[in-house]
Amino acid sequence: MCGVVGLVGQKPVSFDLYDAISMLQHRGQDAAGMVTCQGDRLTLRKENGLVRDVFNQSHLETLVGNMGVAHVRYPTAGTSSAAEAQPMYVNSPFGICMAHNGNLINANELNEELFRTDRRHINTSSDSEVLLNVFANELQGIAGHRLLPEDVFKAVERVHHRAVGAYAVVSLITGYGLVGFRDPNGIRPLVLGRRKTVVGFDYMLASESVALSVLGFELMEDIAPGEVVYIESNGRLHRRLTKVKTRWSPCIFEHVYLARPDSIMDGISVYKARLKMGEKLADKILRLWPDHDIDVVIPIPDTSCTAALPMAHRLGVKYREGLVKNRYIGRTFIMAGQEERYKSVRRKLNTIELEFKGKNVLLVDDSIVRGTTSRQIVQMARDAGAKKVYLASAAPPVRHPNVYGIDMPAPTEFVAHNQTEAEIQAYIGVDWLIYQDLEDLEACAAGINDKIDGFDCSVFNGEYVTEGVSAHYLQRIEQQRNDQAKQQRVSGRKHNSELHNYH
């Protein structure tokens, strides 16, 4: 899960890019980067940290140019060194920078091809660098001395034939323009917007529409699966659907957890989808337990707040925000190491005791992954005096790894791994646990976009929408994603930093 932005404007773009990736900070808190282009000169800054820490005013004033690409990252199965922060750059042909959201299934095979056949060297373990070099190699084999829109379209079509997995990409070609494209399944989101100027339009590509609206851009539409957008430096817009087989299958977990509620992706309002999740879950509760004794519905902030409100209305009980969130603590979902996540929950959430004391409380969460956070929060509710504690998940049990760019833990670390719902309920320590049904979740996210063929629901049902997700591949990423491996990478990063400071 990362956030990408690309912008072609009539004026310098660095401050707008900064604001845009600030709006996408929820998509990645590990690193941030930006590159801008003025004529044939690129200026780049990227580093580990939050957007506000990586950039200051002097940096943004130095990042000159009317075109640019920016990125916020949290690491998937790779490392989290500053060298792997994006955008990434390759000098041939023309000079290309790329920011990528997603994950390539066949990155290892492509890396080997790039070395043996294309004679290109990959310097990091990032699949984004692999994708950049595949695109650069295909473009180099097509383009002449001057880059034409047709060259860009053909190069991306060849990328689609080689790259397997999820990728939403913005790429800057020095002196020429901005390229945006999305994998043939449209797994990760990418939207296009424009802003009227005195002499024409500024154009922006972004992971979520919130980055557009905050800066006064009109949402035009989503980039379709297999589509290429090329915006020349003079503002001329070109679009083309490549000749590849497509099946529009966006990741449903974007609507469950990843995206901001004020975003619209794939023609679907995230906010409305989450409202429906609450309604569907309430209907299930009424079906299974019509004479329930729930006194109050309390969301576990923030993502579940939207679903919890219609749940309370449907159930005919009070809605209260009895858990107060410290907004200066990062998302525990993307923290490496169980001990760090455990400490963070206590620092992040605090109870308002009067909302719990002597009541039968229904806690609502967007999803349950490891279960350890849920277990802590349930205990906090009991410590605050709750008589009974129930827990509702707006998503079904998470039982399978995500291979398309979300760094979920190894399957053996899922609380639902080889466990029944009764066993999960006992582990978390609730009096009753209820999950959303998958068919209801899909109905909530479907919206009004009849172009969508289905959703990638692989974390729930284990059905992957691309080729290449073999048992061997899943075993390999499990070894990379378990807590022990993550802690080793964090320790290695700290060690390298200490060596750098020493020297």
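Taken together, the values in this text are just the output of simple stated rules run on the coordinates, not laboratory data. Please read all numbers here as calculations on a predicted model, not as lab measurements. Ideal geometry is used to build each Cβ from the backbone, glycine not excepted, and the neighbour counts take in all protein chains shown.
Using a cut-off of under 16 Å, list every residue of region 346-371 whose amide N is near the label point 7 Å from the Cα of ASP302 along the Cα-to-beta-carbon line.
348-350, 366
Going by amide H atoms built from the backbone, whose H comes under 5 Å of the H on LEU363, apart from near neighbours?
Amide H neighbours of LEU363, under 5 Å, 5+ apart: ILE298, TYR390, LEU391, ALA392.
Which lysines have a Cα less than 17 Å from the Cα of LYS245, not counting those fewer than 8 places away in the same chain?
Qualifying lysines at Cα under 17 Å: LYS154, LYS451.
Any chance you could check the Cα centroid distance between region 36-70 and region 366-441 for me, in angstrom?
Distance between centres, Cα-based: 41 Å.
Would you order GLU129, GLU232, GLU61 from fewest to most other beta-carbon atoms within 10 Å of each residue's own beta-carbon? Provide the component values of the computation, followed by the final result.
Numbers: GLU129 26, GLU232 18, GLU61 11.
Ranked by crowding around the Cβ, least crowded first: GLU61, GLU232, GLU129.
Go through VAL72, ASN103, LEU148 and say which Cα lies farthest out towards the positive end of the charge dipole of region 65-188; charges sit on Cβ, +1 for Lys and Arg, -1 for Asp and Glu.
Final value for the positive-end residue is LEU148.
Which of SER393, ASN360, SER374 sits farthest toward the positive end of the charge dipole of region 344-409, with +1 on the Cβ of Lys and Arg and -1 on the Cβ of Asp and Glu?
My answer, from the dipole projection, is ASN360.
Could you work out the helix-only [θ] at 222 nm for the chain, with each DSSP H run of four or more residues adding -39,500 (n - 2.57) and the total divided by the number of residues, to the nearest 500 deg cm²/dmol?
Helix-only estimate at 222 nm: -10000 deg cm²/dmol.
Find the centroid of the Cα atoms in region 265-292 and in region 132-195, then give the distance between the two in whole Å.
38 Å
For region 156-257, with the dipole built from +1 on Lys and Arg beta-carbon atoms and -1 on Asp and Glu ones, taken about the Cα centre, which of SER213, GLY165, TYR257 lies farthest toward the positive end?
Value: GLY165.
Do the alpha carbons of any pairs in LYS284/LYS359; LYS46/LYS276; LYS46/LYS196 sit beyond 28 Å of each other, and which pairs?
Working: LYS284/LYS359 22 Å; LYS46/LYS276 39 Å; LYS46/LYS196 30 Å.
Where the Cα-Cα span goes over 28 Å, the pairs concerned are LYS46/LYS276; LYS46/LYS196.
Straight distance only, please: which aspartates and glutamates reach the Cα of LYS388 with their own Cα at less than 16 Å, same-chain residues fewer than 8 apart left out?
ASP291, ASP293, ASP295, GLU353, GLU355, ASP431
With charges only on Cβ, +1 for K and R and -1 for D and E, what is the dipole size of the chain about its Cα centre, in debye, rounded to 20?
Numbers: 58 positive and 60 negative charges, 163 e Å.
Result for the chain is approximately 780 debye, rounded to the nearest 20.
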